[in-house]
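See structure below.
Readers should treat all values here as calculations from the given coordinates under stated rules, not as data from a laboratory. Keep in mind it's a predicted model, so treat the numbers as computed, not measured. No Cβ is skipped: glycine too gets one built from the backbone with ideal geometry, and neighbour counts run over all protein chains shown.
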């Protein structure tokens, strides 16, 4: 009996040592700061060769030429292919757009089957390839240039629990990308990230159209397949 008790005591003691060892060898990982979370997301997008994005707004100011939505993909040469809905002269116009090699082509439902070369500045629109950018510029620069970042709580969207991170962006970032934007005043940004720190979407509010406050929603992702931009009408 004494021998059996000794064996049991020994096993219990060994078990305690094993558990103690496991506890010490696997310390809890420190949670990232909001600055680190946004910086890591920005680095991932900046290093990607290809991007998909959707830039949308629910409402444009009256009496402006502007982008209602721009949805497409691109590579970092930079180049873009996708669909853009514009409001110009009070009329909504949807177009398939290709931008590559510094030139922009568009095809509309009323313009026939061919892509026509256009000057986007003539309708107060940006070159969409510049939104894709070449590295840490274009829309991806939002992550690098955001300051005064702080958590603004959590919310649920479907099965996702999302943390909102608010911050400030320089107006010059958007003035460089969009011919209609004012660079005088800062913009506000609200990032939403998952519990794992992955990007979900963001909302940017500011003077995208001088004298007016507008909010755009931006979703960005990295496609699994390469994005090849075709030569128009080839």
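Overview of results
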{"item": "FRET efficiency, residue 31 to residue 184 (Cβ-Cβ, R0 41 Å, nearest 0.05)", "result": "0.65"}
{"item": "Fraction of alpha-carbon pairs over 20 Å apart in the chain - percent", "result": "66"}
{"item": "Packing-based order for 62-74, 133-145, using average beta carbon neighbours within 10 Å, highest first", "result": "133-145, 62-74"}
{"item": "Förster radius 35 Å - calculated FRET efficiency between residue 147 and residue 231 (Cβ-Cβ, nearest 0.05)", "result": "0.30"}
{"item": "Relative contact order %, the chain, counting alpha carbon pairs below 8 Å whose residues are six or more apart", "result": "19"}
{"item": "Nearest 10 degrees, 0 to 90: helix 2-25 Cα axis against the chain principal axis", "result": "20"}
{"item": "Spin-label pair residue 161/residue 109, simplified geometry with 7 Å Cα→Cβ offset, distance in nm", "result": "4.5"}
{"item": "Cα-based helix-to-principal-axis angle, 34-47 vs the chain, degrees rounded to 10", "result": "60"}
{"item": "Residue 83/residue 39 FRET efficiency (R0 41 Å; Cβ-Cβ; nearest 0.05)", "result": "0.85"}
{"item": "Structure-based [θ]222 nm, the chain - -39500 (n - 2.57) summed over DSSP H runs of at least 4, per residue, nearest 500", "result": "-7000 deg cm²/dmol"}
